[in-house]
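The values are calculated or read from the model by the stated rules, or taken from the named source; none is laboratory data. For clarity, every value in this text was computed on a predicted model and none was experimentally measured. For neighbour counting, all protein chains shown are included, and Cβ atoms are generated from backbone atoms with ideal geometry for every residue, glycine included. Note: areas computed on protein heavy atoms with side chains; ligands, DNA, RNA excluded. Shrake-Rupley method; radii C 1.70, N 1.55, O 1.52, S 1.80 Å.
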Amino acid sequence: MTVNKDAIKIIAFDADDTLWVNEPYFQKAEHDFCALLENYLPQHAISQELFKTEMNNLSLYGYGVKGFILCMIETASRISAGQLPLSIVNKIIEIGQCLLKMPIELLDGVEDTLVQLSAHYKLIVATKGDLLDQERKLKNSPLQKYFHHVEIMSNKKSEDYKKLLSKIECPAENFMMIGNSINSDILPVLEIGAQAIHIPYHVTWSHEQASDEIKPSSFLEIDRLDKLIQILL
C-alpha cells in the first residue's frame with residue numbers, strides 16, 4: 001500500500017500507545033485488582049468478569065480510567081455477592097488513582113518525528129479517553145506545542161471522524177490518521193475516504209484487537225512511529 005503524501009494537509013495522531021505508553025499500565029492495574037480479589041475467584045475468571053462489566057458499561061462510561069474504576073468496583077461487588085469490605089473498595093480506588101498519576105513515557109522517536117513533520121503538515125491529536133486525563137497527559141508531556149488542535153473523542157467510528165473533519169475544515173482526501181488500533185484508528189478513517197497508517201503496539205486491549213481476517217492490504221503498517229519521516233517527507 002502506498003501513501004499519497006502530496007494530498008495530505010493534516011495528520012492526526014492517536015495518543016495512548018501511539019505517542020506514549022498506556023495499555024501496560026492498565027494491564028498492571030487489572031493484575032493488581034485480580035490479585036486483590038483472588039479469595040473470591042481465580043484471577044483469570046475475575047479478569048473475564050471485569051471485561052464483561054466494561055463492555056456492558058461502555059455506552060454509559062465511555063473510555064478512560066474513571067469508567068475503569070467504576071467497573072472494577074461493580075465487578076468486585078458482583079463476585080463478592082455484595083459483601084465486599086469497604087477496605088477493598090478503598091484499595092480499588094487507590095489502584096485507579098495510581099493509574100491517573102502515572103508518568104508520561106513517550107514511545108521511541110516520537111518527539112523528533114513530530115518536530116520534523118510539524119514543519120510540513122498541520123498536526124492534531126485525535127484520541128479516545130477521559131477528557132481531564134487526556135488533557136493532563138498532553139500537558140505533562142513535551143508534545144503539546146506541536147499540535148494545532150486536540151480532539152478527545154467519545155468514540156472513533158466513521159461518523160465521529162466525519163464530525164472531526166467538519167470541525168477542522170479538512171476534506172477527507174487531505175486527512176491522514178496515525179494509530180495503533182485497526183478498529184479505531186484505521187478502518188473508520190478508510191471508510192470515509194481518508195488515509196491511515198497503522199503502528200501496532202505490543203500490548204492491545206481486548207476490545208481494540210482486530211479480527212485475524214483483517215490484513216493490511218488497504219493500509220500501510222509500520223513498526224515504529226519515526227518511520228513516518230521516510231514515508232511523509
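Quick check on this structure: which one of D130, D160 is surrounded by fewer than 20 Cβ atoms within 10 Å (Cβ to Cβ) and either modelled with pLDDT under 95 or hydroxyl-bearing (S, T, Y) (or both)?
Exactly one of D130, D160 is surrounded by fewer than 20 Cβ atoms within 10 Å (Cβ to Cβ) and either modelled with pLDDT under 95 or hydroxyl-bearing (S, T, Y) (or both), namely D130.
Considering only residues of the range 136-157 that are in a helix (DSSP H, G or I) and either more than 16 Å from A12 (Cα to Cα) or of a type in the set (G, A, S) (or both), which is most open to solvent (accessible area, probe 1.4 Å)?
Within the range 136-157, the match that is most open to solvent (accessible area, probe 1.4 Å) is K139.
Under 7 Å by Cβ, and 6 or more places apart or on different chains, what pairs join a residue from the range 18-42 that is free of Cβ contacts under 8 Å to residues at least 12 places away in the same chain with one that is among the charged types (D, E, K, R)?
N22/D16
Select from the range 15-43 the residues that are in a helix (DSSP H, G or I) and hydrophobic (A, V, I, L, M, F, W, C) and write down the one among them that is farthest from L70 (Cα to Cα).
Top of the filtered list is A35.
Please work out which one of (1) in contact with a helix residue (DSSP H, G or I) (Cβ under 9 Å, 6 or more places away or on another chain); (2) polar (S, T, N, Q); (3) closer than 19 Å to G67 by Cα is the condition N90 fails and give its number.
Condition not satisfied by N90: (1).
When you scan the range 94-104, do you find a residue that is over 30 Å from L41 (Cβ atoms) and either within 20 Å of the chain's Cα centre (by Cα) or aromatic (F, W, Y) (or both), even just one?
Within the range 94-104 (the criterion being over 30 Å from L41 (Cβ atoms) and either within 20 Å of the chain's Cα centre (by Cα) or aromatic (F, W, Y) (or both)), the answer is yes, since at least one residue qualifies.
(1) touching a Phe, Trp or Tyr at 6+ places or on another chain (Cβ under 6 Å); (2) within 25 Å of I199 (Cα to Cα); (3) among the β-branched types (V, I, T): which one isn't true of V110, the others all being true?
Just one mismatch for V110, condition (1).
More than 29 Å from L107 (Cβ to Cβ), touching a Cys at 6+ places or on another chain (Cβ under 6 Å) and either in a helix (DSSP H, G or I) or at pLDDT below 95 (or both): does that describe I46?
yes
Name the residue, out of Y63, Y25, Y40, that is in contact with a strand residue (DSSP E or B) (Cβ under 6 Å, 6 or more places away or on another chain), open to solvent by 20 Å² or more (accessible area, probe 1.4 Å) and not hydrophobic (A, V, I, L, M, F, W, C).
Y63
What number goes with the only condition from (1) open to solvent by 50 Å² or more (accessible area, probe 1.4 Å); (2) of a type outside the set (A, V, I, L, M); (3) touching a residue at least 60 places away in the same chain (Cβ under 8 Å); (4) touching a Cys at 6+ places or on another chain (Cβ under 8 Å) that E54 does not pass?
Against the list (1) open to solvent by 50 Å² or more (accessible area, probe 1.4 Å); (2) of a type outside the set (A, V, I, L, M); (3) touching a residue at least 60 places away in the same chain (Cβ under 8 Å); (4) touching a Cys at 6+ places or on another chain (Cβ under 8 Å), E54 comes up short only on (1).
Could you please find all residues in the range 81-121 being loosely packed, with under 14 Cβ neighbours inside 10 Å, of a type in the set (A, V, I, L, M) and under 23 Å from F13 (Cα atoms)?
V115, A119
For the range 8-17, name all the residues that are touching a helix residue (DSSP H, G or I) at 6+ places or on another chain (Cβ under 7 Å) and open to solvent by less than 20 Å² (accessible area, probe 1.4 Å).
Listed by number, the residues that qualify are I8, I10, I11, D14, A15, D17.
Where the second residue is of a type in the set (D, E) and the first is part of a strand (DSSP E or B) and lies in the range 160-181, which pairs have Cβ atoms under 6 Å and are six or more apart or on separate chains?
As it stands, the answer is M177/D185; G179/D14; G179/D185, since those pairs meet every condition given.
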